[in-house]
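Student: Sharing a structure below in structure tokens format, with a few things to ask.
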Amino acid sequence: MVAQPHHPVLLEEVVEAMNIREDGYYLDATAGRGGHVAAILEKLGSDGRILALDRDPQAIAAVAKRFTRDLRVQTSQVNFSSLSSVFQQGECFNGILFDFGVSSPQLDEASRGFSFMQDGPLDMRMNPADHPSAAEWLATAEQHEIRDVLRRYGEEKHAHRIAWAIVDARNDNVLETTAQLVALIKKVVPARPQDKHPATRSFQAIRIHINKELEEIAAVLPVAMDALCVGGRLLAISFHSLEDRIVKRFFRDQVRGDNLPKEIPIRDAERNPGLRLVGKPIRASVAEIEGNPRARSAIMRVAERLAPGKKVA
């Protein structure tokens, strides 16, 4: 399979929503191959800076190489849950971007094991140094655990049947490749022409579980908000409802502020809201989806950091 050109999703919308200052300090916490970083840099002056992060060592190496001559760019490999370890004490960002989920380069490289469309090792780790891999987990997980992961993270209605088949198959052979897992799923999941590929939901679920993606998102959002300067923007791009639900609830809670009983007669500002929403959720245009079909499920939410006690608009 030929790798597709990498198209950073919602590129123009990200630049506009970030409200970039020429001398600002920005964070791209999911730098990928640097598409969003490059667009932000175009708006920065000589005093502007950007910190580009990614948990994937291949991604951050590519970004570091791409911008090696630009002193405004600093890079570091780090998981969301360790985000605060790369901040300098007392510094804040004028904008922070998250682009959640698996990246196009990860999907397109068979050796990473993310894709059910091409054969490769059953890996799925965003950081290959993490453990377990998908193969390691499937080799030891209990049937009920596999079933629950497929249901929770993939909303797979055939989860019980697939989990049983995986446990039954490993009694004779170790599942080591994506093709083996796809073949197994195809045997037990009824296929209809109008349906998605039968392995779609299972691969999504296993990947999310292996990388602890939802736990990482839930852990990083409060850290990111605290790292924003007053007036700084927090941008979060999600690709499925599980990610977006976490972002939506976090933004809602921070806009609402202190969770006090409704009968207490206080003004909004006295609830200490941390964020205000900026516009409505943004989706990819028809034109972008035509050029990059992977953008069709993207949704971006934007919020702005408030000063303590500032009224929510």
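None of the figures in this text is laboratory data; all of them are computed from the coordinates on show. Given the structure is predicted, the values throughout are model-derived calculations rather than measurements. Reconstructed Cβ throughout: ideal geometry from the backbone, glycine too, with neighbour counts over all protein chains shown.
Student: Sorted by average packing, counted as other Cβ atoms within 10 angstrom per residue and highest first, what order do 197-209, 122-134 take?
Tutor: 197-209, 122-134
Student: Moving to a separate point now. By DSSP, what percent of the beta bridges with both residues in the chain are antiparallel, rounded to the nearest 5?
Tutor: 40
Student: Arrange R249, R152, R21 by Cβ neighbour counts within 10 Å, fewest through most, would you?
Tutor: R249, R152, R21
Student: Also, I was wondering about something else. Based on C-alpha coordinates, I'd like the Rg and Dmax of region 100-160, in Å.
Tutor: Spelled out, the Cα radius of gyration and Dmax of region 100-160 are 12.4, 32 Å.
Student: Between R296 and H144, how many nm apart are label points set 7 Å from Cα along the C-beta direction?
Tutor: 3.8
Student: Taking the convex hull of the alpha carbon atoms in region 131-210, what volume per residue do you get, in Å³?
Tutor: On the way: hull volume 6.3 nm³, N = 80.
Cα-based convex hull of region 131-210, divided per residue, equals 79 Å³.
Student: In what sequence, highest mean first, do 69-77, 178-186 appear when ranked by Cβ atoms within 10 angstrom?
Tutor: The densest-packed peptide leads the list: 178-186, 69-77.
Student: What nm distance separates the two modelled labels at L277 and Q88, each placed 7 Å from Cα along Cα→Cβ?
Tutor: In this crude label model, L277 to Q88 measures out at 3.6 nm.
Student: With +1 on the Cβ of every Lys and Arg and -1 on the Cβ of every Asp and Glu, and nothing else charged, how large is the dipole of the chain about its Cα centre, in debye rounded to the nearest 20?
Tutor: Dipole about the Cα centre, nearest 20: 800 debye.
Student: With axes computed from alpha carbons, what is the tilt in degrees of helix 241-256 against the longest principal axis of the chain, rounded to the nearest 10 within 0 to 90?
Tutor: Roughly 20 degrees between the two axes.
Student: Moving on. Sorted from largest to smallest, which semi-axis lengths in Å does the alpha carbon gyration tensor of region 42-158 give for its equivalent ellipsoid, taking the root of 5 times each eigenvalue?
Tutor: 34, 17, 13
Student: Specify the angular offset, from 0 to 90 degrees and rounded to the nearest 10, of the alpha carbon long axis of helix 200-210 from the longest principal axis of the alpha carbons in the chain.
Tutor: With rounding to tens, the tilt is 60 degrees.
Student: Turning to a different aspect of this structure: How large is log10 of I(q)/I(0) for the chain at q = 0.08, 0.09, 0.11, 0.15 Å⁻¹ when the intensity is taken from the Debye formula with one equal scatterer per alpha-carbon?
Tutor: -0.40, -0.51, -0.74, -1.21
Student: Test of understanding: ordering D168, D28, D108 by Cβ neighbours within 10 Å, fewest first, what list do you get?
Tutor: Taking fewest neighbouring Cβ atoms as first place, the list is D168, D108, D28.
Student: When the chain is fully extended, how far beyond the present Cα-Cα distance does R249 get from Q180, taking 0.36 nm per residue of separation?
Tutor: Working: separation 69, 0.36 × 69 = 24.84 nm, distance 3.79 nm.
Net length gain for the segment: 21.0 nm.
Student: Then there is this: What is the Cα radius of gyration of region 164-237 over 2.2 N^0.38 Å, N being its residue count?
Tutor: Computed over Cα atoms of region 164-237, the ratio equals 1.69.
Student: In what sequence do W164, W137 fall when counting other Cβ within 10 Å, fewest first?
Tutor: W164, W137
Student: With label points built 7 Å along Cα→Cβ from the Cα atoms of D23 and M117, find their separation and express it in nm.
Tutor: Each label point is offset 7 Å from its Cα along the Cβ direction, giving 4.7 nm.
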